[in-house]
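The values are calculated or read from the model by the stated rules, or taken from the named source; none is laboratory data. Keep in mind the model is a prediction, meaning the values are calculated, not measured. A quick note on method: Cβ atoms are made from the backbone with ideal geometry, for glycine too, and the neighbour counts reach across all protein chains shown. Just so you know, the surface numbers come from the protein's heavy atoms only, side chains and all, with ligands and any DNA or RNA stripped out. Shrake-Rupley method; radii C 1.70, N 1.55, O 1.52, S 1.80 Å.
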Amino acid sequence: MTLAHGFRKLESREIPEIHTQATLWRHEATGAQLLSLVNEDENKVFGVSFRTPPPDGTGVAHILEHSVLCGSRRYPVKEPFVELIKGSLNTFLNAFTYPDKTCYPVASANLADLHNLIDVYLDAVFHPLLPERVLRQEGWRAEPDSGALVFKGVVLNEMKGAYSSPDDLLSVTAQRSLFPDTVYGLDSGGDPERIPDLSYQGFIDFHKAYYHPGNAYFFFHGDDPEDARLERINAALEGFGPRDVRSEIPLQPAFTEPRRVRKGYGVEPDAPGAKAGRADKRSMLVVNWMLPEAGDLQANLTLQILEALLIGIPASPLRKALIDSGLGEDIAGGGLELELRQMYFSVGLKGVSGGRLNRVEPLVFGALEKLAKDGIPGEVIEAAVNSVEFALRENNTGRYPRGLHLMLRSLTSWLYGGDPFSPLGFETTLRAIKERLAAGEPLFENVIESYLLRNPHRSTVILEPDPALLPAAEAREKERLAELRRQLGEEGVKRLAVEAEELKRVQETPDAPEDLARIPRLKPRDLAPENTRIPCEASSVGASMILAHDLDTSGIVYLDLAFDLGPLLAQRPELAQLVPLFGRCLLDMGTTRRSYVDMNMWIARKTGGVDPLTLGSSMLGARAEAPPVTRFVLRGKATLDNLDALLEILSEMLLEVRLDDRARFKQLALEEKAGMEERAIPAGHQMTASRLMARLSRAGRFNEMCGGPSQLFFLKRLAKTSKAEWPGVLAALETLRGLLVTRASLVANLTVDPAARPRAQARLESFLAGLPAAPSTVAGPKGFGPAFRKPLWPAPGIPDYEAFVIPAGVNFVGKAVNLYAQGYEPHGAAQVASRILRNGYLWDRVRVQGGAYGAFCLFERLSGNFAFLSYRDPNVKRTLDAFDAAAASLSQLALPGDELEKNVVGAIGDLDAHMLPDAKGYSSLVRWLVGDEDAQRQRLREEILTADPARIRAFGQSLESVAREGRITVVGALASIEDASDKHWKISSLL
Ligand SMILES: [Zn+2]
């Protein structure tokens, strides 16, 4: 038995699928477990997780997750977490509360940086200071505010925001309905009405009970030396002894018969446009099934494939049955949930009228019974198996570090006493499934039968709009505060006022420089002086360009086709807003040769997917009103063997798409509308931002037309297209295709292993030759009625001050200006200054003191657009005032050298963000299109590295224009909006 740094080696395994040697260690003195993955990934990950079963709905686990990062024994500053964000090269830094665990992961490609992050995180979880004021700041407090007593707190507002989203509420309710007897029946995030029940003692006791090494799961991943990992953790655990922490997560006893839950969700009763009857079409219904434990690998992978098979793509039989029924607008439910001890599956419809709700459940069961009885077509199974297998092999975690994904996968077994290794591999399980299918076993038919149709442990959850709900919740909160006031008496309320003052004083007092200096960090001299470059080779092929990036892609070809929207915008600008839906049409309308079902299946069988997107950006160095770069991009990926199939697919969809199916088109419009509505509340800041940018640059306007409120309004209008209007819409779609699909000015972006590139590029060249040489115009009705037609620029109908009402207890506040138009000369110091504002002034004023869940600023280097934004914010007026005072905070800032250095390091971290090969290839394409070339980016790096206080203050001075000339958009609650607005504001409804 090997012993090293107090750890005993329990088991070691090679996991060939991820090129990793994995070892499980046990800390002798405390019983802590440590899983160590050694491989070649430079994006190193560390995480520590604890089992944290919540005792109630007060959100104690979640509030503690926020609070441990607010000062610890060795780092006694207000927010070490923020200091790390300011000045590290981290590629990931966050913390998550799950229904049964709390995870603290960090990642960095720089080893010294990773060690700094680990040291601060370990001290935070094991030795947090947790004074009462932190609970009051991060959790909840009652505070007198302009005469009235009100509740405040960061988590309280975060959860009010979450509970305002019907889709979030639906998933919480679905989970709770299946697990009434376990911790999964509680909301670990915190029910906004229960959060004020949490006492300081309860908060402290929860930390004492669960944040012990005996209940800890340490994780490492990457190319750093294993021995140093053990040494570091051993040192951090000094002083702890063994302890048996009772934190097992029990299994939910099986139901003997299905259950039903009916619940209301809030809709704004007073919002303009919320007419009676409209709300009727907004009910949701999902059916939920309890499934085996996530650690059962065979069941786990089988169910992942089953999910892809049933609802993965529009052609999937269950999804198709639900959509084709016309009973609702889009499918609802989270699909397969894999991150709890027991898996569950949840599916249904949203946008259903109340009278038709009772038809949804029979529809779901009818579709499943048909599959189980008649059998599933081989092609459908093949498509599902290929999609899941492609995703496993590609292991594309997007902006998440791969190691973090592996940690979470491992915990699905490890956290419940199972082995941490098995969930990391997949070959054996996948092979077994394929063999059973090859032998003719009706595997998925049987699984549908046993796990779904004959499974009594299921629930049906119905969520219905209820205009009385929000006022009732507000009334309950008022009553509770009134009761509190009675209990406290005059004296007690005075005491709260004193406490509020005291909290504010602490929040406003800067940390002592000697305490801040304790936080370990990199210095600018530790940073590489040069940007890392992405290989890019450009060659013209006739009127097209090919950009090729030689990168290690593990046998996958990534291909982006970027069509120029310039001719379209010049000739028919009103069609711009149709581009995103046109992208959906290419995939989901079918072609002259095959139905959309066959097209979908073909894509799923042969590729890793094809995705359309629109890209709008200003050119580097151009004026905001100059024509922007606008592209329609089709992004596809496949294994090298399937490159020919991918090109055939792309060619057929582009040249032979059938656009004339009105019913299908309306269905797609409805789905896209429902998707945007679902995102509108959780991501209200994106709506706010897009609207702000739309007034400031042409690119911003284009992006808003394609992805902001204008797009949502447009989709609503399209979803109602009448028979009489249809010829006009069809002609518009055909015109769009004619103007768009051409090899003229097309840029094809190829990211592939160097050895495979010559062959791939040759195939690509012959593909391009098959596209039309020039845009074509289509004769026919111009139709696309006046109701749709709006010029693109200058943005019409967007007033300087506007607000959109949503049914939510929180706001998303934004104010913006174009700094280049105000005379600011572009300089890299702006990147540093924006970080100083975001992590200093805005964090303190809007989040810590104002109680918003988030506050930030966006500076677009290419356009000069600058926006202040808040996220899940209880205030509007107060936040706008804070934005207006930001300029002064920066131009008068006494900027200690340490503070400047930290933010320089952080800005370089942004520049050096870690990317997977597909993201590198795509970023390189975008940089090429907008003229942001290596020389310019190197200059940016040098300007960041040499940013000085004078440059920062100059940026602050230019921000004075925000108070004077800034445009305002708010998405939020009617009461807060009315409180802030004057008669110049235009107020309307978003949903
Ligand atoms: Zn949170």
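Observations on the model:
- Cα-derived Rg to Rh of the chain, Kirkwood definition: 0.94
- Overall Cα dimensions of the stretch 615-742 - principal axes, largest extent first, Å: 41, 40, 30
- Cα point-scatterer Debye curve for the stretch 202-357, base-10 log of I(q)/I(0) at q = 0.09, 0.10, 0.12 Å⁻¹: -0.57, -0.67, -0.84
- Per residue Cα convex hull volume in Å³ - calculated over the stretch 694-775: 162 Å³
- Taking a ≥ b ≥ c as the square roots of the eigenvalues of the alpha-carbon gyration tensor, the stretch 419-534 is classed oblate because a/c is 1.5 or more while a/b is no larger than b/c.
- Relative to the current alpha-carbon distance between Lys373 and Glu978, full extension at 0.36 nm per residue lengthens the span by 212.0 nm.
- For the stretch 902-991, diffusion coefficient by Stokes-Einstein and Kirkwood Rh (Cα), 20 °C, 1.002 mPa s, µm²/s: 122 µm²/s
- Our coupling estimate for the stretch 121-136, obtained by passing each phi through the Karplus curve with A = 6.51, B = -1.76, C = 1.60 and θ = phi - 60°, is 5, 5, 5, 5, 6, 8, 9, x, 7, 6, x, 4, 5, 6, 4, 5 Hz, Gly and Pro reported as x.
- Extension gain, Ser554 back to Ala570 (0.36 nm per residue minus Cα-Cα distance, nm): 1.6 nm
- Two-decimal Rg/Rh across the stretch 654-699, once Rg and the Kirkwood Rh are taken from alpha-carbon atoms: 1.17
- The stretch 226-261 and the stretch 926-991 have Cα centres lying 44 Å from one another.
- Surface calculation, 1.4 Å probe, protein heavy atoms: Cys536 sits at approximately 60 Å² accessible.
- Here the average projected area of the convex hull drawn through the C-alpha atoms of the stretch 461-608 stands at 23.8 nm².
- Packing rank of 80-87, 885-892, where each peptide gets the mean count of other beta carbons within 10 Å, highest leading: 80-87, 885-892
- Equivalent ellipsoid, the stretch 317-434 (semi-axes from 5 times Cα gyration tensor eigenvalues, Å): 32, 19, 14
- Shown is the FRET efficiency for Leu392 and Glu656, computed with R0 = 30 Å from the Cβ-Cβ distance and rounded to the nearest 0.05: 0.40.
- Ser722-Lys494 pseudo-label distance in nm [points 7 Å out on the Cα-to-Cβ vector]: 6.9 nm
- Annotation for the stretch 518-585: GluC sites (Glu not before Pro) lying in DSSP loop with at most 13 further Cβ atoms inside 10 Å of their Cβ are Glu530.
- Taking the average, over residues, of other Cβ atoms within 10 Å as the packing measure, peptides 755-762, 51-58 rank 51-58, 755-762 from highest down.
- With both labels modelled 7 Å from their Cα along Cα-to-Cβ, the Leu251 to Leu481 distance reads 4.8 nm.
- Separation of alpha-carbon centers, the stretch 679-706 and the stretch 1-55, rounded to whole Å: 44 Å
- Think of the chain as having a plus end and a minus end, set by charges on the Cβ of Lys, Arg, Asp and Glu; of Ser164, Val904, Phe46, Ser164 sits farthest toward the positive end of this dipole.
- Among 933-939, 950-956, 667-673, 59-65, sorting by the average number of other beta carbon atoms lying within 10 angstrom of each residue, highest first, gives 59-65, 667-673, 950-956, 933-939.
- Here the spin labels are modelled as points 7 Å beyond Cα on the Cα-Cβ line, and at Asp466 and Ala935 they lie 6.6 nm apart.
- Built amide H within the under 5 Å cut-off of Arg262, gap 5+: Ile462
- If the chain linking Arg454 and Glu765 were pulled fully straight, counting 0.36 nm for each residue of separation and taking away their Cα-Cα distance, it would gain 106.6 nm.
- Projected area averaged over orientations for the stretch 1-135, convex hull of C-alpha atoms, nm²: 9.8 nm²
- Long-range Cα-Cα pairs in the stretch 870-947 (distance over 22 Å), rounded percent: 52 percent
- Within the accessible area of the stretch 919-991 (1.4 Å probe), percent carbon and sulfur: 45 percent
- Among Asp187, Asp982, the order of accessible area from largest down is Asp982, Asp187, computed with a 1.4 Å probe on protein heavy atoms.
- Pairwise FRET efficiency - Ala538 versus Ala755, Cβ, R0 = 25 Å, nearest 0.05: 0.75
- Over all distinct Cα-Cα pairs of the stretch 317-366, the Kirkwood formula returns a hydrodynamic radius of 11.6 Å.
- Fraction of accessible area attributable to carbon and sulfur, the stretch 326-478 (%, probe 1.4 Å): 52 percent
- Heavy-atom surface of the stretch 823-982, accessible at 1.4 Å and reported per residue (Å²): 35 Å²
- Taking the protein heavy atoms of the stretch 1-120 in the context of the full set of protein chains, the accessible area attributed to carbon and sulfur is 48 percent at 1.4 Å.
- Convex hull volume per residue, computed on the Cα atoms of the stretch 613-678, equals 185 Å³.
- Share of pairwise Cα separations in the stretch 82-210, more than 24 Å, in percent: 44 percent
- Ordering Ala61, Gly814, Pro465 by the projection of their Cα atoms onto the charge dipole of the chain, which places +1 on the Cβ of Lys and Arg and -1 on the Cβ of Asp and Glu, puts Pro465 at the extreme positive end.
- Placing a label point 7 Å from the Cα of Glu132 along the Cα-to-Cβ direction, the residues of the stretch 472-501 with a backbone N closer than 19 Å are 484-501.
- The value obtained for the stretch 372-486, namely the Cα convex hull volume divided by the number of residues, is 270 Å³ per residue.
- In the chain, helices alone account for a calculated mean residue ellipticity at 222 nm of -13000 deg cm²/dmol, with every DSSP H run of four or more residues adding -39,500 (n - 2.57).
- As a calculated quantity, the FRET efficiency between Ala29 and Ala473 at R0 = 41 Å, using C-beta atoms, amounts to about 0.25.
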